[in-house]
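The values are calculated or read from the model by the stated rules, or taken from the named source; none is laboratory data. Just so it is clear, the model here is predicted, and its values are computed rather than measured. A quick note on method: Cβ atoms are made from the backbone with ideal geometry, for glycine too, and the neighbour counts reach across all protein chains shown. For the accessible areas, the whole protein counts, side chains as well, though only heavy atoms, and no ligand, DNA or RNA atoms are used. Shrake-Rupley method; radii C 1.70, N 1.55, O 1.52, S 1.80 Å.
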Amino acid sequence: MLGVRTLLRGGGIEVADVTCTHGRGKGRESELSVGHALVFVRRGCFVRSADGRKSTLDPTLAYCMNPGEEQRYDHPHDGGDSCTSLTLAPSLLAELWGGDPGLPTGPLGVTPRLDLEHRQLLALARAGEDPDETVEQAIELTASMLERTDSRRVASGAPASGRARRALADGTRELLAERSGRSLPGLARALTVSPHHLSRVFREVTGETISRHRMRLRTRDALERLAQGERDLARLAADTGFADQSHLCRVLMRETGETPSALRAALA
């Protein structure tokens, strides 16, 4: 009846592809939700009853779950439905939501832009090549949805001055130069700011995302090794933080327009 495929788990967030094949009719008996989650409806229609409130949900809406909610899902049509679930650790949610780990109740409207971002996130998670980029996009998407409910809570704790924002971006670059594998939540904890603010401030100051900057550092590491004559591309990919040899080759081609063998010949 219900299929859940976990695509990403890390950085305080879990991304899952959820498919329900339930036919028309009432769902099974009520169950208790076990975590904090933001759920986007991709296909189909269903009615969620949670703590005495009914909500009809379709692909223009998202909804939230909080631990301990009593919920049931009914289906007015055959054909089932598909959703994307973002489950957040309480500590990460509190950082995004002004210190409160509780998510809003009731349906949340999803704009066309946010729906596209959600589907792009799902595609990125399915590809599985860059978990750091997936975590960053998932946090940004969650923050954007929460801003539609209470922008002031999401904005609390944001660096107020241009100097503070530049210092935050510089601190991020220093930490990544030391160890490019630091996650967005890890960077945020080290810099005592929320992951959401860190991601947005870094992009505002530098013109690129943290995940793109991280990948460019890894590319530079790979180029240095190629210049030294490295020929084992699988080992090079593992040592420099790429998902695999194919991922390394694609990123090098995207960043430089050349294959690893051509780069080795040009640099060695």
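Points to keep in mind about this one:
- Extension gain, Arg163 back to Ser49 (0.36 nm per residue minus Cα-Cα distance, nm): 36.2 nm
- Average accessible surface for the stretch 4-48: 51 Å² per residue, computed with a 1.4 Å probe over protein heavy atoms with every protein chain in place.
- Computed helical MRE - 222 nm, the chain, DSSP H runs ≥ 4 contributing -39500 (n - 2.57), nearest 500: -14500 deg cm²/dmol
- About its Cα centre, the dipole of the stretch 98-187 is roughly 320 debye, where the only charges are +1 on Lys and Arg Cβ and -1 on Asp and Glu Cβ.
- Along the axis of the charge dipole computed for the chain (Cβ charges of +1 for Lys and Arg, -1 for Asp and Glu, origin at the Cα centre), the listed residues Val154, Thr56, Val39 are led at the positive end by Val154.
- With 0.36 nm allotted per residue and the present C-alpha distance subtracted, the Glu208-Leu32 stretch has 59.3 nm of extension available.
- Summing Lys and Arg as +1 and Asp and Glu as -1 over all other residues whose Cβ lies under 14 Å from the Cβ of Ala222 gives a net charge of +2.
- Shown for the chain: the carbon plus sulfur share of the solvent-accessible area, taken with all protein chains present and a 1.4 angstrom probe, equals 49%.
- Amide H to amide H, with H built 1.01 Å from N, Arg42 comes under 5 Å of Ser82, Cys83, Thr84, counting only residues 5 or more places away or on other chains.
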